[in-house]
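Only the coordinates and a few stated rules stand behind these numbers; no lab work does. Remember, it's a predicted structure, so these values are computed and weren't measured experimentally. We place every Cβ from the backbone using ideal geometry, glycine too, and count neighbours over all the protein chains shown.
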Amino acid sequence: AEQERLDFGTWTEPGAALRARLLQHLGAAVRQSDVVILNQQVEPGLLGPAMAEAVNALVAAHPERLFLADCRERLRALRGVVAKCNAREARALLASDESDVLALARELALRRESLVFVTDGARGIAWATPEGAALIAPPEEIEGVESCGAGDAATAALGAALAAGAGPEDAARFAAGYAASVLRAPSLSRRGPRSTS
């Protein structure tokens, strides 16, 4: 059984001095990057309320940069970012029991007034803006492999594609293919099933 994570920052938020230092480094990275990926996997983690507001200010100060947020509990607190989440997280954000990933993506895009991507395992990746939406299926069916890491692979691929100038459809197609290739990797496919969050 998968054990609890041992990440630094799992149980506490950084103090003001560390937060200022982290933001200084993030600001420097923003100035050198085409896309900035914000990833939060543990609660409360480093992206607590004070840090989220500081990140929002940084996003607002750099409209020329693309920010892609893959944040489980903290996505609601971030503004001006491209949102990426999975279907379960989208249902929680919307307080919905909707099972159609495309409907979830559409509603989330309307509420956030921005581009969103919602992953749904073997069904693929839905993208949506307030103006349009589509579901991109994986390039092939993959069964019986460990799925841990596929979401992070999809996020990285979305960031790379968007930074290269791809539109949402092409970015979702690239990410679905990349996540599928990660699942086919021999080092992962040899593993047995395991409980993941």
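Please check which bits of the range 77-99 a label hung off A61 would reach, taking the label as a point 7 Å along Cα-to-C-beta and the cut-off as backbone N under 18 Å. Residues passing the 18 Å test: 78-81.
Between D152 and E13, the simple spin-label model (points 7 angstrom out along Cα→Cβ) gives 2.5 nm. Proximity of backbone amide H atoms, modeled 1.01 Å from N, is registered between N86 and T119 at under 5 Å, excluding neighbours fewer than 5 places apart on the same chain. Structural descriptor for the range 59-129: relative contact order 26 percent, calculated from alpha carbon pairs under 8 angstrom and at least 6 residues apart.
When you filter the GluC sites (Glu not before Pro) in the range 77-142 for DSSP loop state and at most 11 other Cβ atoms inside 10 Å of their Cβ, you are left with E113, E131, E140, E141. For the range 81-95, putting each phi into the Karplus relation 6.51 cos²θ - 1.76 cosθ + 1.60 with θ = phi - 60° gives couplings of 10, 6, 9, 10, 8, 9, 4, 4, 5, 5, 4, 5, 4, 8, 6 Hz, in residue order, rounded to whole numbers and with x for Gly and Pro.
Remark: spin-label model distance A166-S33 equals 1.8 nm, labels positioned 7 Å along the Cα→Cβ axis.
Taking the average, over residues, of other Cβ atoms within 10 Å as the packing measure, peptides 117-125, 50-58 rank 117-125, 50-58 from highest down. 3J(HN,Hα) along the range 121-138: x, 5, 6, x, 10, 9, 10, 7, 10, x, 9, x, 6, 7, 10, 10, 7, x Hz, from the Karplus curve 6.51 cos²θ - 1.76 cosθ + 1.60 with θ = phi - 60°, whole Hz, x for Gly and Pro.
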